[in-house]
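To start, the structure itself, in structure tokens.
The values are calculated or read from the model by the stated rules, or taken from the named source; none is laboratory data. Note that the structure is predicted; figures quoted are calculated from it, not measured. For neighbour counting, all protein chains shown are included, and Cβ atoms are generated from backbone atoms with ideal geometry for every residue, glycine included.
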Amino acid sequence: MVKKFPLLRGKGRNKSTKDKHFILDLNSLNIFKDNAVVDIANLIKQGLIDEKTKRQGVKILGDGKLEKKLKVKIAVSKSAKAAIEKAGGTVMI
């Protein structure tokens, strides 16, 4: 079989089994009120993610501008952490 299809030897078998995080931008967090806690349960309440995304994981990236002080309990990038702290919020991981 390998001799018939030599270029297809490992095709589709060596893919990563790790799920990729669902990405949110800082602009989408402006829905919350000041001093609100941003976690997965509150993101589902606001309609930003659904139940399937909860299993996958959520990560916040630093694209956009944050205008509110928030308490974030989700994985964030370095630039998002700097922007959250600059706006007066905190990151609790």
Self-check item: Qualifying position, being basic (Lys, Arg) and over 19 Å from Ile93 (Cβ atoms), among Lys52, Lys78, Lys73, Lys59
Solution: Lys52
Exercise. Considering each residue of segment 70-93, count those that are surrounded by fewer than 16 Cβ atoms within 10 Å (Cβ to Cβ) and basic (Lys, Arg), and give that number.
Key: 3
Self-check item: Residues located in segment 55-77, provided they are under 15 Å from Ile23 (Cβ atoms) and of a type in the set (D, E, K, R)
Solution: Lys59, Asp63
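Does Ile93 qualify as being outside any loop (DSSP other than H, G, I, E, B) and either within 17 Å of His21 (Cβ to Cβ) or of a type in the set (Val, Ile, Thr) (or both)? Walk me through it before giving the result.
Working: outside any loop (DSSP other than H, G, I, E, B): no; either within 17 Å of His21 (Cβ to Cβ) or of a type in the set (Val, Ile, Thr) (or both): yes.
Judged against the criteria, Ile93 is not a match.
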Quiz prompt | Residue check, Gly62 closer than 17 Å to Phe32 by Cα, of a type in the set (Gly, Ala, Ser) and surrounded by fewer than 16 Cβ atoms within 10 Å (Cβ to Cβ) | solution = no
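Listed here are the residues, each with its yes/no results for (1) over 13 Å from the mean Cα position of the chain (by Cα); (2) on the phi > 0 side of the Ramachandran plot; (3) in a helix (DSSP H, G or I).
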position	(1), (2), (3)
Ile23	no, no, no
Asp34	yes, no, no
Val37	yes, no, no
Lys59	no, no, no
Gly64	yes, yes, no
Lys71	yes, no, no
Ile84	yes, no, yes
Quiz item: Just one of Thr53, Thr90 is in contact with a strand residue (DSSP E or B) (Cβ under 9 Å, 6 or more places away or on another chain), modelled with pLDDT of 95 or more and of a type in the set (Ser, Thr, Tyr); which is it?
Solution: Thr90
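Being among the aliphatic types (A, V, I, L, M) and part of a loop (DSSP other than H, G, I, E, B) is the filter here, so list the residues in segment 39-57 that pass it.
Of segment 39-57, the ones among the aliphatic types (A, V, I, L, M) are 40-41, 43-44, 48-49.
Residues satisfying the conditions are Leu48, Ile49.
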Exercise. Report, by residue number, each residue of segment 62-88 that is without any contact (Cβ under 8 Å) to a residue 24 or more places away in the chain, closer than 15 Å to Asn30 by Cα and of a type outside the set (Lys, Arg).
Key: Glu85, Ala87, Gly88
